[in-house]
Amino acid sequence: MPKISIIIIALFFTIGGIAHFVLIDKFISIMPSYLGYPKQLVIISGIFELLGAMGILFSQTRRFAGYGLIALIVAVYPANIHMALHAQDYPTIPEMVLWLRLPLQFFFVWFVWRAIK
């Protein structure tokens with residue numbers, strides 16, 4: 001039986017990955033304009049979230065999946081910074097939430113890293 005932290009990570013990224021497809025237009029709308037191919041990037045990131053969520057459940061793939069999820073968290077960090085700096089472009093998300101997400105990303109990296117050790 002996996003540790004509770006593994007299950008939490010798997011659930012978090014499964015929900016996030018599914019959301020990329022169910023709410024694709026919302027995710028496209030928060031993509032910074034300087035990134036090309038917003039729909040494709042949303043789909044790719046959703047796929048990677050789901051793969052990481054599945055992979056982290058199995059001891060044989062846990063470490064690889066964990067490092068992949070950490071890489072994904074790091075990869076989306078610039079977009080989160082962009083959103084915080086341009087909060088007026090995202091009126092449906094409270095500005096405080098956009099800013100609080102930034103340090104929260106460091107916690108997520110640590111949480112995944114600790115879970116795969």
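Laboratory data are not the source of any read-out in this text; all were calculated from the coordinates shown. This is a predicted model, so every value here is computed, not measured. When we count neighbours, we look across all protein chains shown, and the Cβ atoms used for this are built from the backbone with ideal geometry, even at glycine.
Keeping to the stretch 37-49, report how many residues are among the hydrophobic types (A, V, I, L, M, F, W, C) and surrounded by 17 or more Cβ atoms within 10 Å (Cβ to Cβ).
Qualifying residue count, the stretch 37-49: 3.
Please work out which residue is farthest from N80 (Cα to Cα), limiting yourself to the stretch 37-55 and to residues that are of a type in the set (A, V, I, L, M, F, W, C) and out of contact with any Leu (no Cβ under 7 Å at 6 or more places or on another chain).
In this case the residue turns out to be M54.
I'd like the full set of residues that are of a type in the set (G, A, S), closer than 16 Å to F13 by Cα and crowded, with 16+ Cβ neighbours inside 10 Å, limited to the stretch 73-117.
Of everything in the stretch 73-117, just one residue is of a type in the set (G, A, S), closer than 16 Å to F13 by Cα and crowded, with 16+ Cβ neighbours inside 10 Å, namely A115.
In the stretch 1-21, what count of residues is obtained for those that are of a type in the set (F, W, Y) and surrounded by 15 or more Cβ atoms within 10 Å (Cβ to Cβ)?
Counting residues in the stretch 1-21 that are of a type in the set (F, W, Y) and surrounded by 15 or more Cβ atoms within 10 Å (Cβ to Cβ) gives 2.
Among (1) free of Cβ contacts under 8 Å to residues at least 40 places away in the same chain; (2) surrounded by fewer than 16 Cβ atoms within 10 Å (Cβ to Cβ), there is one condition M54 misses while meeting the rest; what is its number?
M54 satisfies every listed condition except (1).
Being out of contact with any Pro (no Cβ under 9 Å at 6 or more places or on another chain) and of a type in the set (D, E, K, R) is the filter here; which residues of the stretch 45-88 pass it?
Matches in the stretch 45-88: E49, R63.
Step by step: first the residues of the stretch 22-36, then only those that are β-branched (V, I, T) and surrounded by 13 or more Cβ atoms within 10 Å (Cβ to Cβ), then the one that is farthest from L85 (Cα to Cα). Which residue is that?
Once the filter is applied, the top-ranked residue is I24.
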